[in-house]
Amino acid sequence: MIADKAQEILDFWFKETPSEMHFKIDENLDQQIRVKFLKDYELASQNEYDDWQDHPMSCLALVILFDQFSRNMFRNDKKSFEKDHKTRLIVNDAVYSGYLEAMNVNQRFFMILPLIHSEEISDHEMAYYLLNKYLREHEDYNQIKKFWKDHTKVVRQFHRYPHRNEILQRESTKEEIEFLKGSNSS
């Protein structure tokens, strides 16, 4: 049985929000997510929703809350990345628990995506394994693969995402500053 709040998150993301909005910068969507789900994010951050990890679909809702909604609610704030480590641990447990088998291809994509958001190359390697195992049937498979390769190239080169440096108050190297001047640097 999935928690009502978890179902509300899934319905909002997969039914109410057009897929073309998932990766666009849109203050209206950001505000809508803050109004609807900030309290849930805070409760989940206090481990109040940890039991969601016991069911594939509520686990997916938790991942979306920490990985996607945080980036909308806290855009351009270091808090948007605050739960990345915990999210990767949740994803790894979900994969090993066989949860991806219970999901459709679009849901699997969002379950795996935190591994590409990671600045750890081993997470990227796992993401490619899962991409080839679980997302081959995704209608945007080739586009996803290219998008992920672009991300991995940056992490291989810099061992982090340079576009996060300012937000996370990290000093950029000369090479990173040059990279950030180019197109597709974020």
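Quick look at the numbers
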quantity: Cα gyration tensor shape for the stretch 1-97, rounded if a/c is under 1.5, else prolate or oblate; calculated: prolate
quantity: Separation of alpha-carbon centers, the stretch 3-77 and the stretch 148-186, rounded to whole Å; calculated: 26
quantity: Rotationally averaged projected area of the chain (alpha carbon convex hull; nm²); calculated: 10.4
quantity: Nearest-20 debye value, the chain charge dipole, Cβ charges on Lys, Arg, Asp, Glu; calculated: 580
quantity: Exposed-loop-free span, longest in the chain, where trypsin sites (Lys or Arg not before Pro) count as exposed if DSSP calls them loop and at most 11 other C-beta atoms lie within 10 Å; calculated: 25-135
quantity: Amide H partners (placed H, <5 Å) of residue 167, local residues excluded; calculated: none
quantity: Set of the stretch 126-150 residues, backbone N closer than 20 Å to the point 7 Å along the Cα-Cβ line of residue 173; calculated: 150
quantity: Neighbour-limited loop hits for GluC sites (Glu not before Pro), the stretch 34-131 (at most 13 other Cβ within 10 Å; DSSP other than H, G, I, E, B); calculated: 48
quantity: Length gained when the stretch residue 96-residue 23 is fully extended (0.36 nm per residue, less Cα-Cα span); calculated: 23.5 nm
quantity: Whichever lysines have a C-alpha closer than 24 Å to that of residue 174, once near sequence neighbours (fewer than 8 apart) are set aside; calculated: 78, 149, 153
quantity: Charge dipole of the chain about the Cα centre (unit charges at C-beta), most positive-ward option of 6, 29, 99; calculated: 29
quantity: Helix-derived mean residue ellipticity, 222 nm - over the chain, DSSP H n ≥ 4, -39500 (n - 2.57), to 500; calculated: -17500 deg cm²/dmol
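Bear in mind these aren't lab numbers, they're just calculated from the coordinates by the rules spelled out. Quick caveat: nothing in here was measured; it's all calculated off a predicted structure. A quick note on method: Cβ atoms are made from the backbone with ideal geometry, for glycine too, and the neighbour counts reach across all protein chains shown.
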